[in-house]
1. Which of the aspartates and glutamates could be linked to B:LYS42 by a straight reach, that is with a Cα gap under 18 Å, when you skip same-chain ones fewer than 8 residues away?
2. Between A:ILE202 and A:PHE32, what is the FRET efficiency for a Förster distance of 56 Å, r being their Cβ-Cβ separation, to the nearest 0.05?
3. Please report how many Lys pairs in the range A:16-107 have alpha carbons closer than 20 angstrom, counting only residues at least 8 apart along the chain or sitting on separate chains.
4. Can you give me the angle between helix A:89-100 and the longest principal axis of chain A, using Cα atoms only, in degrees from 0 to 90, rounded to the nearest 10?
5. Which residue, B:GLN180, B:GLN128, B:GLN166, tops the fluctuation ranking in a GNM of chain B built on C-alpha contacts under 10 Å?
6. As I understand it, the value is the acute angle between the Cα axis of helix B:68-80 and the longest principal axis of the Cα atoms of chain B; what does it come to in degrees, rounded to 10?
7. Dividing the alpha-carbon radius of gyration of the range A:19-143 by 2.2 N^0.38 Å (N being the number of residues), what value is obtained?
8. Which ³J(HN,Hα) values in Hz, rounded to whole numbers, follow from the phi angles of the range A:151-164 under the Karplus curve 6.51 cos²θ - 1.76 cosθ + 1.60, where θ = phi - 60° and Gly and Pro get x?
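Values in this text are rule-based calculations from the coordinates and carry no lab data. Because the structure is a prediction, the values reported are computed rather than measured. Using ideal geometry, Cβ is built from the backbone for each residue, glycine included, and neighbour counts are taken over all protein chains shown.
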Amino acid sequence: MNAFFREHKAQAALVDSLFFIAIISALGTGLFYFAINYGLSSEELLNSFYSSDFTTDALKVITYVNITRDGEIVKADRVVNSTDEFDYLFAMIKEDYAENSKKEVKITLPTQKNIAKTLYEVLKPFDSSFDYAFFISKEGGVQGEQNFLVMILALHKYQPEESDPSKMVTREYYSCRPKFSNVIEKYIYPSVGSLDSSFGRISLCENSGTCSSFLIGINIWVSKSVEIFNKINEGDDTEFVCTKLEGIVKEVN
Amino acid sequence: MLSRKGFIGPIGDDLPSLIPIVTGLVIFFSVFVLTLNTYNEKNVFLERQMDMTTVARDIKGDSLILNWSQFNHRCNEMKLRRYPYSFMIAIYNNEVDVTKVIDEFKGLYLDDYDSIISSENEFSFLGQKTDEGNKNFFCSYLRVGGREFSENKRQYTVRFYPIAVQQPIGVNTSNVNATQFLIVPAVMAMVVWE
């Protein structure tokens with residue numbers, strides 16, 4: 001028996017080494033997996049900080065900038081006329097709400113256009129990359145109840161049949177009156193994958209002095225061609241109930 | 001003689017088992033070094049991102065810059081913190097083509113006091129008239145021993161933020177030169193590198 005083991009010593013060592021390489025492979029795979037996945041969640045978190053900062057900044061800037069009563073935004077290197085009257089977008093929204101709080105449309109079309117123009121100017125450098133929705137809604141509105149005071153949707157319209165390449169993608173603005181309060185979560189979020197949002201709270205008062213609290217928010221997402229947007233662009237959607245705001249980009253430029 | 005049948009030698013006898021052992025060790029140490037490098041690189045990247053977020057938040061404040069002095073004061077406070085990364089921050093008007101900002105940064109050369117000493121391109125930063133003359137909304141910090149951004153061959157991170165800036169705007173009147181302070185939309189661009 002002893003003589004047998006002495007003769008097969010090398011084969012035992014070979015099996016040991018094969019076990020060794022199996023253990024090393026398992027360890028190597030584990031390390032490789034760790035290297036690939038390390039920091040991904042932290043990176044995602046940091047990116048979400050950036051997205052959150054970006055949307056919050058956008059929402060704040062919309063409320064800060066001065067615009068004329070016609071919705072024109074002053075440029076840094078321009079001269080303005082002494083007759084131009086500058087105001088904040090929210091001053092116009094508050095005026096509209098105070099005057100029309102008993103009517104069905106509380107924010108008038110000129111103010112809706114001013115909101116769209118301000119959105120366009122503030123997010124102009126990123127215009128080719130993003131689509132967005134700005135809204136003011138009743139705070140604590142019941143799900144299913146129509147509770148949007150105003151919703152401005154900015155979408156890219158793809159027109160592949162257009163011969164001029166510069167006109168194949170155009171920026172369109174819509175004023176929407178969705179039937180349900182959760183339309184963004186229900187229709188936009190699943191389609192675009194990632195949605196960056198920022199919200200604030202404002203108080204709007206009626207002429208009688210009764211004030212209500214409203215939620216103001218902006219949702220920004222990477223521009224994509226999805227079914228719901230194509231429906232809105234073609235004017236046959238039933239969820240958002242949108243009306244196209246004409247000439248926003250042309251008027252601003 | 002019977003017990004020494006097939007014996008080649010002390011090493012020769014173990015040669016078939018040595019090959020997988022050496023291969024295993026080579027594989028293990030290769031993966032170990034790769035993992036260590038990736039770990040370090042990702043840590044550097046995450047720290048750079050963290051610092052960038054902090055610096056950007058502090059410079060922006062409440063997303064509103066009231067004047068150049070305020071911007072410059074915030075910028076100088078940032079420099080005192082001695083970050084382990086270099087950064088450049090510039091504010092542009094809302095007409096800027098964000099895809100060309102990085103080329104403008106690459107064309108800038110800074111002195112020991114983090115001021116621009118030369119540029120390959122015309123500046124397109126937002127400026128403001130102050131008592132000390134025209135000043136640009138530009139802030140830079142070159143860490144001790146750090147290289148210029150133009151010489152940087154390693155990774156960098158760039159970010160853009162919408163921001164509002166209060167600017168003195170000339171008013172067109174028939175007889176007097178009047179100025180009105182209005183808030184305009186702008187973009188803050190920031191690049192961080194090692």
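1. A:GLU43, A:GLU44, B:ASP51, B:GLU194
2. So the FRET efficiency works out to roughly 0.60.
3. Summing the qualifying lysine pairs gives 5.
4. 60 degrees
5. B:GLN180
6. With both axes taken from Cα atoms, the answer is about 30 degrees.
7. 1.80
8. Per-residue couplings from phi come out as 9, 10, 10, 10, 10, 8, 10, 9, 10, x, 7, 5, 7, 7 Hz.
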